[in-house]
Structures are given as C-alpha cells and as structure tokens.
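See structure below.
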C-alpha cells in the first residue's frame with residue numbers, strides 16, 4: 001500500500017470515528033431529553049394524583065412541610081446575603097456611571113426596581129437555589145438510587161416520582177416565589193442604602209415604586225413558577241439517572257447544578273423575549 005493510500009485510509013478512519021462519536025452524542029442527548037420529559041410528565045401526573053386523593057400508598061406524612069422548610073427556611077440567609085450584595089454593587093455602579101454623565105439620580109431607583117421585580121429577583125434567586133437545592137435533591141435521590149432504595153420503593157408498589165419528586169416540586173414552586181420576593185426586597189433596599197451613603201441620593205427619590213406596573217409583577221410570578229418547576233424536575237432526573245457508587249452520585253450532583261442553572265438561564269431568556277414581544281417592547 002502506497003503512502004497516499006495509507007493517508008487516505010487514516011483520514012477515513014478518523015472521519016468514521018468522529019461520525020460515530022457524534023452519533024453517540026446525539027443518541028445520548030435524545031435519551032436524556034426523553035427521560036427528562038418523562039420525569040416532568042410523571043411529576044405533573046403525581047401532582048394531579050395528590051390533588052385528587054389517589055395513590056397515597058407510601059407517601060410520607062408531612063413531607064411537603066419538611067421540604068418547604070429545607071428549601072425555604074434553610075435558604076433565606078443565603079439568598080438575602082447574595083442578592084443584597086448584588087444590589088449594592090448594581091446601585092453603586094449605576095450611580096457612578098450617572099455621576100460621570102448627567103449627575104441626575106432621579107431615575108436610578110425606579111429603573112432598578114423594575115429590573116429587580118421583572119428579572120433579577122426571580123432569576124438570581126433561582127440560580128442560587130440551583131446550587132443549593134438542586135445539588136441536595138440530586139445527592140439525596142442519587143444516593144437512594146445507587147443503594148437500590150428506589151428499586152425497593154417500586155417493589156413496594158410506590159412510584160418513586162410521587163414519593164421523591166412531587167413533594168420537592170410543590171415546595172420549590174412555593175418557596176421560589178417567596179424567596180424571590182424576599183430577595184428582591186433585600187436587593188432593592190441594600191441598593192438604596194448604598195446609593196444614599198455613597199452618592200447622597202435622596203431615599204425619597206430612590207425608593208420610587210411608581211415605575212412598576214402589573215406586567216412586571218405578572219412576569220415575576222411566571223418566572224418564579226417556571227424556575228420552581230425546572231429545578232426539582234432537572235435535579236430529580238439527574239438523581240434518578242445516577243449509576244455506580246459514590247462517583248455516580250457526585251456526577252449526578254454536578255449534572256444537576258449545571259442542568260438546573262442552564263434551564264433557569266434558558267427559561268429566563270425565553271420568558272423575557274416572549275414578554276417583550278407581547279408588550280411590543282414596552283416592558
């Protein structure tokens with residue numbers, strides 16, 4: 001075999017290997033998307049069963065209250081501190097840039113509040129919850145999966161999604177909204193105090209609520225509901241997909257943080273774009 005023929009065969013082998021890897025990646029992505037969709041549908045079906053009073057076998061008493069405490073109360077300080085510092089930085093930078101141009105601080109508070117209500121409060125809160133709550137859900141469910149506790153639930157006639165994901169889904173829906181409101185309030189207040197003490201902005205001027213419209217509040221509610229649904233569903237899927245031993249749980253936890261954070265960012269873009277189109281750009 002001549003050198004050109006060997007080179008051609010080598011290129012063909014490399015191209016074939018690349019195509020095989022690409023096909024495997026596409027198949028794996030499709031299977032993951034199908035599994036995620038199944039978890040989402042199963043979670044909604046389990047929620048309907050809970051509302052209708054059907055299939056109560058194996059459901060722990062007070063599980064939703066426990067998840068409300070674990071997701072909400074245990075995250076209050078984390079959310080408040082994080083969003084508070086972000087609000088301080090945003091207000092300081094906004095005042096600094098305005099002081100270099102016009103020196104008119106009358107619109108900073110109102111415009112910051114609009115952004116906080118319609119975007120920053122729910123999105124940043126959800127991103128913080130993705131790191132804490134998403135990792136916790138994936139680690140807990142993944143540990144049960146690798147120790148075959150999930151299989152024991154199925155053998156007992158209990159649906160794992162009803163038992164594990166639905167309570168966390170309900171709690172995340174409630175607490176994402178509550179923490180978004182709390183975090184937004186802390187964020188705006190911290191920004192106002194920073195503007196007052198660093199640039200002498202009048203609090204009466206900064207704390208201007210007249211710029212907030214009903215559509216901003218509605219968008220916040222929709223985003224909180226969407227993010228509160230995405231975090232437990234993605235994290236639950238990652239936990240249920242865990243394989244092996246402790247390494248599999250670690251991989252599932254990492255995938256849950258990345259996946260839920262990515263889902264929050266994508267949903268934020270989609271919902272914000274839809275709101276802009278719906279309002280004709282007047283958001």
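Coordinate-derived values only; no laboratory data. Keep in mind that this is a model prediction, so the values were computed, not measured. FYI the Cβ positions are ideal-geometry reconstructions off the backbone, even for glycines, and counts take in every protein chain you see.
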Where a label projected 7 Å from the Cα of residue 32 along Cα→Cβ would reach, residues of segment 224-260 with amide N under 13 Å: 234-235, 237-239, 241-242, 251-260
Simple spin-label estimate for residue 45 and residue 107 in nanometres, 7 Å along Cα-Cβ: 5.3 nm
Spacing of the two label points (7 Å from each Cα toward its C-beta) at residue 198 and residue 155, in nm: 6.0 nm
Sequence ranges 71-78, 266-273, 226-233, ranked by mean other-Cβ count within 10 angstrom, highest first: 226-233, 71-78, 266-273
Förster radius 22 Å - calculated FRET efficiency between residue 97 and residue 210 (Cβ-Cβ, nearest 0.05): 0.45
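For segment 3-278, how big is the tail of P(r) above 34 Å, as a whole percent of Cα pairs?
The answer is 35 percent, as a whole percent.
Find, to one decimal place in angstroms, the Kirkwood hydrodynamic radius of segment 87-152, where the mean of 1/r is taken over every pair of different Cα atoms and then inverted.
Result for segment 87-152 stands at 15.1 Å.
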